[in-house]
Amino acid sequence: MLPAVLCGVLLWVVGACIAGPSSLGYAGVSVSPMQQMIEVKPGQEEEFRITLNNVLRTQNQRPQTIRAEIVDFSVSLDGTNLFGEQYKEERSAAKWVTLDTNELTIKPGEVRELKGAISAPYRADGDYWCAIMLTQPPEERPGQIRVALRTASGIFVRVARRDYVERLSVENSRVSLPQFGIDPAVPDSQPAGGDTASATESSHGFEVTADVTNQGVIRFSAVGTAAVYSDSRRRVASIPMHSHRRSILPGHSRKFSGVMSDPLPAGKYVARTVFESDSEKGRKVTAEIPFEIGPDMAAQWAERKLLEKPLTLAVDPQNIHNSLTPGRFTTSCVSLSNNEASTLSVRCRFSSESPLKEWVEIKPDNLTLAPAGRRSLNCCVRIPKAAQPGDYEGTLLIESERAGLVDQNRTVELRIPVRITVIR
């Protein structure tokens with residue numbers, strides 16, 4: 001997920017890589033979808049739609065004017081979305097896209113569709129991208145700050161000529177040993193990608209970092225882990241690798257890192273990173289980094305660990321309750337905060353014995369959190385039209401596993417009660 005960034009008097013709510021609706025404007029204009037993949041055959045045309053809903057919230061609500069513009073964007077190494085003509089790339093789809101209008105006026109409570117078409121050149125091959133920037137112009141109020149609200153809906157185009165295999169490589173792998181007696185730097189700004197964390201992650205932890213590059217022609221989401229081996233080749237630690245955005249466009253690279261606060265004894269070690277795409281056809285790519293822990297560092301590290309307070313994953317809210325009529329859809333937001341000094345791997349699922357399992361979808365259902373990182377889960381509930389009135393209960397299971405030594409218990413499971421009341 002992407003953050004809102006204040007740029008002068010323009011509030012950018014950038015959603016080129018978000019799944020789910022976004023609110024545009026104080027009156028509550030929602031945009032859906034925030035990203036879509038359109039498959040187009042070479043030399044042919046496909047249509048797409050973006051739904052705009054001026055959600056009725058007050059009796060004196062006014063119509064909202066939305067302007068649409070086709071823009072280019074890129075993604076930086078740390079996962080920040082960059083918009084504008086200066087970020088146009090070879091695989092830009094902007095020139096292929098046309099819109100049926102560049103301005104819509106939406107009455108309170110009205111739902112409108114912005115229609116577009118994509119014409120792919122015959123020689124195109126693989127994935128291309130652009131975004132539709134939707135702007136709510138500021139109201140004219142003399143003597144007051146004018147604020148324009150913007151949301152970008154990502155358009156990803158796949159021109160499929162064949163079956164594709166993800167091609168990834170790992171570059172610039174390195175380790176950072178703990179630094180003691182140095183306070184972590186205070187970050188000037190929050191990193192992109194939907195979660196927040198200290199810019200230095202942890203100066204008192206062991207950090208593994210690597211850049212994953214997409215050398216193919218289609219985008220993929222990468223996942224990775226790092227394992228630490230002693231000089232006897234025995235695995236002594238496991239570290240999940242975190243990125244603020246796992247999706248990597250063709251030709252792009254993404255930085256991954258993992259932090260472990262558990263101390264290692266003095267000795268020689270090898271850190272091995274393993275990355276793969278999240279598809280069935282993805283292949284694993286590894287890299288190894290040798291390093292050594294001296295006796296003084298080992299002693300300081302162990303002493304520092306004894307001073308750490310035992311912390312864990314924090315979840316808010318502690319329970320979920322919604323009252324809905326049959327056929328309705330709603331999303332509840334669950335905030336996850338990593339209070340550990342190590343990277344966390346988080347997996348989410350709904351209790352299998354609950355009748356709500358068929359009604360509830362968790363997005364995302366697996367993720368990583370950097371130390372001090374925060375992330376939101378969407379608990380999406382769709383009530384069947386034939387559902388009978390009454391209370392339906394279940395449990396959201398959130399399992400976290402922290403980076404650390406393999407001979408220690410590193411897993412914690414949290415249980416969040418969920419109750420849905422179906423009303424007529």
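The values are calculated or read from the model by the stated rules, or taken from the named source; none is laboratory data. All values derive from a computational prediction rather than experimental measurement. Here Cβ is always computed from backbone atoms with ideal geometry, including for glycine, and neighbour counts include all displayed protein chains.
Does any residue in the range 222-237 that is surrounded by 19 or more Cβ atoms within 10 Å (Cβ to Cβ) come within less than 6 Å, Cβ to Cβ, of a residue that is of a type outside the set (A, V, I, L, M, F, W, C) and in a loop (DSSP other than H, G, I, E, B) six or more places away or on a different chain, and which pairs are these?
Within 6 Å, the pairs are A222/R246; V223/D278.
Does I320 meet the test of being touching a helix residue (DSSP H, G or I) at 6+ places or on another chain (Cβ under 7 Å) and among the aliphatic types (A, V, I, L, M)?
No, not satisfied.
Limited to the range 274-330, what total is found for residues that are surrounded by 15 or more Cβ atoms within 10 Å (Cβ to Cβ) and in a strand (DSSP E or B)?
Looking only at that region, the number is 14.
Looking at the range 291-310, is at least one residue in contact with a helix residue (DSSP H, G or I) (Cβ under 9 Å, 6 or more places away or on another chain) and touching a residue at least 12 places away in the same chain (Cβ under 8 Å)?
Within the range 291-310, one or more residues are in contact with a helix residue (DSSP H, G or I) (Cβ under 9 Å, 6 or more places away or on another chain) and touching a residue at least 12 places away in the same chain (Cβ under 8 Å).
At least 1 residues that are within 30 Å of R158 (Cα to Cα), modelled with pLDDT of 95 or more and within 28 Å of the chain's Cα centre (by Cα) in each: list the strands (runs of 3 or more DSSP E) lying fully within the range 99-147 that qualify.
Fully inside the range 99-147 and qualifying: 111-119, 126-136.
Mind checking which residues of the range 409-424 are touching a Lys or Arg at 6+ places or on another chain (Cβ under 8 Å) and within 21 Å of C333 (Cβ to Cβ)?
none
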